[in-house]
Amino acid sequence: MRSRSASHRAAGRRGRAVTSASRFRLADLASEAMAGLLQRPGRSALTVLGTIAGIGGFVAIVALSQTAAGQIGKDFNVQDATQVTVNDTGARGGSAHPTMDFPMDADALADRIRGVVAAGVWWQVQAGGLQVSALPPSAGGTKIGLPVTAASPGALVASGAQLSAGVLFNQFHEATAQNVAVLGKSAAAQLGISSLVNEPAVFIGGQPFTVVGILSGDPRLPQLNLGVTVPESTALKLWGLPPSYVPAQMLIHTRLGAAQVVAEQAAVALRPDDPKLLTATAPVNQAQLKKSVTASLNTVFLALAGVALIIGAVGIANTTLVAVLERSGEIGLRRALGARPRHIAIQFLAESTALGLFGGLVGACIGVLVAIAVTIAEHWTALLDDRIVLAAPLAGAVIGLLAGLYPALRASAIEPADALRR
């Protein structure tokens, strides 16, 4: 009895010695995790592609949305932030008769407002469908249905009209109601006029007009590029007031930051007797526009990146679970040699986290390269928060860790006897 008790005590000591020796050092964990991943490198590479796509898409989308928002703000400053439109609301009061509520000296009155660079009145002439030709009607010239615009000299200056030939009509032409015209680039091509050396003329509704200039572009009134523009006073003399369904408008070019103030003062400055006849419209606030555009871009694109991240997480979870099933014999052998359930779980968690971390690193690099390539191609200034790039690998590791939780718990629950019988 005494010897049997001694043998039981010795066996107990040996059991305790084996149990106390079951440890999993950090170096062992790293080596085992790398060995598990490198056993099937092809599968590991395909698994990590989802995380690379998700993290890379996330970084590229954030960078491009920030860059696009900055570019939109820049373009907004150059064009819309310096533009005010004044509408003739009196012409829309229900009357069917043509009317003009802008005073004759509207350009000069608007120029007196502080912050105004140039201003002018314009409207589309609607006189029974005017036809334009390069030859007089008696010569059988081909008539073309081109849009005819009446504009004051200030309107052409305010619109930023750019010339390829000739000059813009001026205040002398306006004051004396001269029959002169400026052709848009497209209209000049259709009429066969490419040079002003011989002082060509065009015929609008049978009336001759000397062509003094040809436009190459107009950023604020692009419709001028397609037709013929004549002085406001000439249009009033020949075709009368603008119709109520296409009333006159005033275009005001302001200094940067003055658009809101100019819009508030324009109606009173032009019609102090009845400001309600005119309504000025200023551009929306730049900060609100940029915030709205950025939010819209981020919402759409981050949703796409989120889908890619979910796909990557599902891929890691699926691969880790398959690895658990394939390596059940290895898991059973480790358990039989003294590995505890938490050691098995930690090993598989380490493998999935390593996949996510590697995918995050590669994805962040690809995302930055894509963003830089796009900005270079579009001649933009790249904007990217460095915290996003630094956090991307960590996000990949977290995704891998979460994706490996269920497979790791599944592996830790495998009993040694069941695993060795498979």
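Computed from the coordinates by the stated procedures, all read-outs in this text should not be read as laboratory data. Just so you know, these numbers come straight off a predicted model, no measurement behind them. Ideal geometry is used to build each Cβ from the backbone, glycine not excepted, and the neighbour counts take in all protein chains shown.
Overview of values
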{"item": "Arg387 being in contact (Cβ under 8 Å) with a residue 40 or more places away in the chain and either out of contact with any Asp or Glu (no Cβ under 7 Å at 6 or more places or on another chain) or on the phi > 0 side of the Ramachandran plot (or both)", "result": "no"}
{"item": "The range 137-148, subset in contact (Cβ under 8 Å) with a residue 12 or more places away in the chain and surrounded by fewer than 22 Cβ atoms within 10 Å (Cβ to Cβ), residue nearest to Gln207 (Cα to Cα)", "result": "Pro137"}
{"item": "Subset tally (residues that are over 16 Å from Leu409 (Cα atoms) and not in a loop (DSSP other than H, G, I, E, B)) for the range 331-341", "result": "2"}
{"item": "Single match in Val374, Val368 (criterion: under 18 Å from Ala305 (Cβ atoms), surrounded by fewer than 19 Cβ atoms within 10 Å (Cβ to Cβ) and among the aliphatic types (A, V, I, L, M))", "result": "Val374"}
{"item": "Hits in the range 223-248 - residues which are polar (S, T, N, Q) and surrounded by fewer than 21 Cβ atoms within 10 Å (Cβ to Cβ)", "result": "Gln223, Asn225, Ser233, Ser244"}
{"item": "Test for Phe102: is it among the hydrophobic types (A, V, I, L, M, F, W, C), closer than 23 Å to Lys237 by Cβ and more than 41 Å from the chain's Cα centre (by Cα)", "result": "no"}
{"item": "Matching residues in the range 157-178 - criterion: being assigned to a strand (DSSP E or B), under 21 Å from Ala201 (Cβ atoms) and not small (Gly, Ala, Ser)", "result": "Leu163"}
